Amino acid sequence: MTRSPKPPTGAAAGRVVPDLTRAERQSAGKLARTRVPRESHAAWVPWPGRPDPVDLLELQAESRVPNLVPIRYGRMMVSPFAFFRGAALQMAADLAHTPDSGLRVQACGDAHLANFGGFGSPERELLFDLNDFDETLPGPWEWDVKRLVASLAVAGRAGGLSKAERREVLLAGTCRYRQAMRGFAQMGNLEVWYSMLTDATLAQVLSAVKAARQRVQKRELEKRIKRAEVKAEANDSIRAFNKLTTVVDGRLQIISDPPLIVRAIDLLPPGEADDVLERVHELVRGYRATLPDDRRHLLEGYRVVDVARKVVGVGSVGTRCWIVLLEGRSTPEDPLFLQVKEAEASVLEPYAGKSRFRNHGQRVVEGQRLMQAASDIMLGWLHTDAGMDGKPRDFYVRQLWDWKFSARLDSASAPLLAPYAEMCAWTLARSHARSGDRVAIAAYLGNGDQFDRAIAQFAEAYADQTERDYGALVAAVKSGRLTAEGP
């Protein structure tokens, strides 16, 4: 159905090869331009044999919880942008038929706008970073850039931006990625590793703004971010505890809200329900073994109280996602909410190669640690040989809420969307610079805007494709082929 490119090796794989000088790494990047001109990235034409997007959705549904799949379709039908969020598999297949330079990084695999946001660092500082790594895998860096900028084009259309306004946004994002990568190419390894986007570094990341009107709009963005930060700092286990729990017959439990939140005890036959907490205890012990010693010690201060299945996101709907309520052993009002999310094979795997990790939960965790400036202290993984459906499954684990926030993007004006695009693009470049050969990638990108203009053209063409694919989903629901439900 699609080509499966052989992962390149050495300098072409994006790795910093010890016996290559800086000049040789730059030469490798410039040589890649001759094989894959930067202008070639502009093209998007559906390739012969391109699968029906509805076929791919049905293929994914085969491994998901059947009664939750209609909710996924319902959420994707909200808008073309919502569809785009759930169509990572389709775009991965499409990107495999587009040019790439042969330089590889740890790719996010689903780097659309809504997968960036804020969260709390271990030092309790609010960071802006990528926050979804379900599809992470080593692959071409261009695939992430194209998905990010295409999401800007789709979001810009949803917000009513004109073609000229969208082009401004697309060029701002792509230019920031290129300039950021060229900046990281000049840094030492530790300096790249410590780079992060916070309040203190925001002004350095955004382009210099000269016009008075634009300065006002930049201040408005900063005000919105500040309001989001205040809200995020209240978004923690205490808030989750107050919102998601209740006391019944003197015992603490998660509040059921079917079908979005259903306690595990209500999903099992009566004869098995009594054993659910013991089974969860066993799984938590397996997860604990993936944590560093200090985090294991921290987790031992809590005991499991309840567990429930929770519907999350758009593209993830139908995968098995659980929330586990724990409370302090010595202080009852000391809650910890963990999210245990199923990890399947990355959508990039058929085109970029299999993961080196046998457990896909570990694949997600290791990729996240490599790409993020700082990661959740409770990040780990587990495997179950027989879940509720009797099948083996991989999961990764993190805190449910940890100062998390995301921006509303489908109604943003061009002056606000452009600097937000720069924030995302800088963050993506930093993530790629940590894992790939930043010197070679920067040399490939160059100092001119050829790549910027090519990606902007690709993004508009792919936004057209997304609207056609969204129409196919709507038609499939109207014809009765698929069933869609809210919320």
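Brief remarks on what is shown
- Charge-dipole axis of the stretch 237-399 as Lys and Arg at +1 and Asp and Glu at -1 on Cβ define it, positive-most pick from 359, 297, 286: 359
- Theoretical FRET efficiency, 1/(1+(r/R0)^6), r = Cβ-Cβ of residue 467 and residue 30, R0 41 Å, to 0.05: 0.65
- Distance between the pseudo-spin-label points of residue 295 and residue 194 (7 Å out from Cα toward the beta carbon): 2.3 nm.
- Residues whose amide H falls under 5 Å from that of residue 318, counting only those 5 or more places apart or on a different chain, are 312, with hydrogens built in the peptide plane.
- Here the 3J(HN,Hα) profile of the stretch 172-178, calculated from phi with Karplus coefficients 6.51, -1.76 and 1.60 at θ = phi - 60°, is 4, x, 5, 4, 5, 4, 4 Hz, Gly and Pro shown as x.
Read-outs throughout are calculated quantities, based only on the coordinates presented, and are distinct from any laboratory measurement. Just so you know, these numbers come straight off a predicted model, no measurement behind them. So basically every Cβ, Gly included, is an ideal-geometry build from the backbone, and we count neighbours across all protein chains shown.
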